[in-house]
Amino acid sequence: MLTFRAVKLPSLLLTLTLTLISGLAVANDNPPTSTVDASMSTALYEAQPIRVGRPGPYPNTKLISCTEIDGRMTLAETAKVEGDDVEVVRELLTTTSPDHGLPLFMEVPGVVMWWVRTLGSISAQSIGVAVHESNHAVDAALTRCNRGLATYRLRDKTYKTEHIFGDTPAYAIIGNAIPASLKSPQVGSRYPQYIERNGSHPGSDFSILLDEFVAYAGAASVDLAIAKSKNLAWLVSPQVTGLDVNVGGVADFMIYTLSYLKALRKDHPGSYSILKRQSKTIGVLQTIWTIAEKTLVSAYSFTKNAGTGGLLLVSAEAISIAYSEEFLSELDLMGITHMSRSQWASNYLLVDK
């Protein structure tokens, strides 16, 4: 599930919210209901727009085959997807996310293209959403392949955990620990959708929270590459003045994860003990957290926060609260290494200087 917003000129404010339950919690298999020269520079597509095909039915991800050779789990869709737009998306992912988005595309091109085509165009939003959502489909397939133990794909690596459904409570408990200021129902807020609505679903436990964090942290590479490249400016409508697809979600899921750990420790000590003993699960959290930190630091110059005309929208408040002593201690208790608050003072937390 992904919530994103494209902020436009005031008279053309557009808010688009995609609401799909994560592939690990509830089957992603039931969502709401001429050849392109691959060597061509994507910059040329601005003058030669590519019409996307019809999405058709959502691919049956339960038919994704899984093989494991020497510890490497590989997936493959049975259905083939064709069209000019397929080659354009493949080339874009080769450029923007060769170590994450492209491998996902190579495994589940039908899922990626279903999302691009459902959104109706090839754009920064549709590519970011497609990579994010395909990550859920891949994680769900990997988890089935791993006998129901939560498994994730991030940066073309597979991460297995010991976590099974029922080990931890639904992540609606985040509401018991997160500060009121981050529960805002304002446009663009992820809290109402993720925590208040989806978080109360019985299957939305800690493994699903990690699934969302993985999807945001991985797909953020697409947003960042587009924000950095003048050659990819055609992917962003001139009317869009701010983009909150995946990079902003990374910051939000930092504080959501910390709030979950705090609420779990205080109100569900039995489940907290189970989680703390799961070394592989904690190892996945460590990997995600490190990638999240590096992503946000790399993205700063291309965010609105920098004051230099950047495109990306990131909540400095979410980072500030996450790196407060109260919440950062939750990582320490789990043995997760992390940046210090002072290390953010040169970017998002300039007020701390």
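Could you identify the single residue in Pro109, Pro55, Pro98 that is open to solvent by 10 Å² or more (accessible area, probe 1.4 Å) and more than 18 Å from the chain's Cα centre (by Cα)? Result of the check over Pro109, Pro55, Pro98: Pro55. The set of residues from the stretch 168-205 being surrounded by fewer than 18 Cβ atoms within 10 Å (Cβ to Cβ) and within 30 Å of Gly71 (Cβ to Cβ) comprises just one member, Gly203. For the stretch 61-87, filtered to residues that are closer than 19 Å to Leu119 by Cα and not in a helix (DSSP H, G or I), the residue that is nearest to the chain's Cα centre (by Cα) is Val81. Restrict the check to the stretch 136-159 and report whether at least one residue is open to solvent by 20 Å² or more (accessible area, probe 1.4 Å) and among the aromatic types (Phe, Trp, Tyr). Checked the stretch 136-159: at least one residue is open to solvent by 20 Å² or more (accessible area, probe 1.4 Å) and among the aromatic types (Phe, Trp, Tyr). Scanning the stretch 222-250 for residues that are touching a Phe, Trp or Tyr at 6+ places or on another chain (Cβ under 9 Å) and open to solvent by 10 Å² or more (accessible area, probe 1.4 Å) yields Leu224, Ala227, Lys228, Trp234.
Which one is modelled with the lowest pLDDT, of the residues in the stretch 283-338 that are of a type in the set (A, V, I, L, M) and over 21 Å from the mean Cα position of the chain (by Cα)? Per the criteria, the residue is Ala306.
Across the stretch 334-349, what is the number of residues that are surrounded by 13 or more Cβ atoms within 10 Å (Cβ to Cβ) and touching a Phe, Trp or Tyr at 6+ places or on another chain (Cβ under 9 Å)? Number of matching residues: 9. Here Ile127, Ile122 are screened, and the one residue that is open to solvent by less than 30 Å² (accessible area, probe 1.4 Å), part of a loop (DSSP other than H, G, I, E, B), among the hydrophobic types (A, V, I, L, M, F, W, C) and within 27 Å of Val240 (Cα to Cα) is Ile122.
Just one of (1) under 22 Å from Leu149 (Cα atoms); (2) out of contact with any Phe, Trp or Tyr (no Cβ under 8 Å at 6 or more places or on another chain) trips up Lys304, so point out which. Condition not satisfied by Lys304: (1).
The values are calculated or read from the model by the stated rules, or taken from the named source; none is laboratory data. All values derive from a computational prediction rather than experimental measurement. Positions of Cβ are backbone-derived with ideal geometry, glycine not excepted, and every protein chain shown enters the neighbour counts. The protein model used for the area step is the full one, side chains on, heavy atoms only, and it has no ligands, DNA or RNA in it. Shrake-Rupley method; radii C 1.70, N 1.55, O 1.52, S 1.80 Å.
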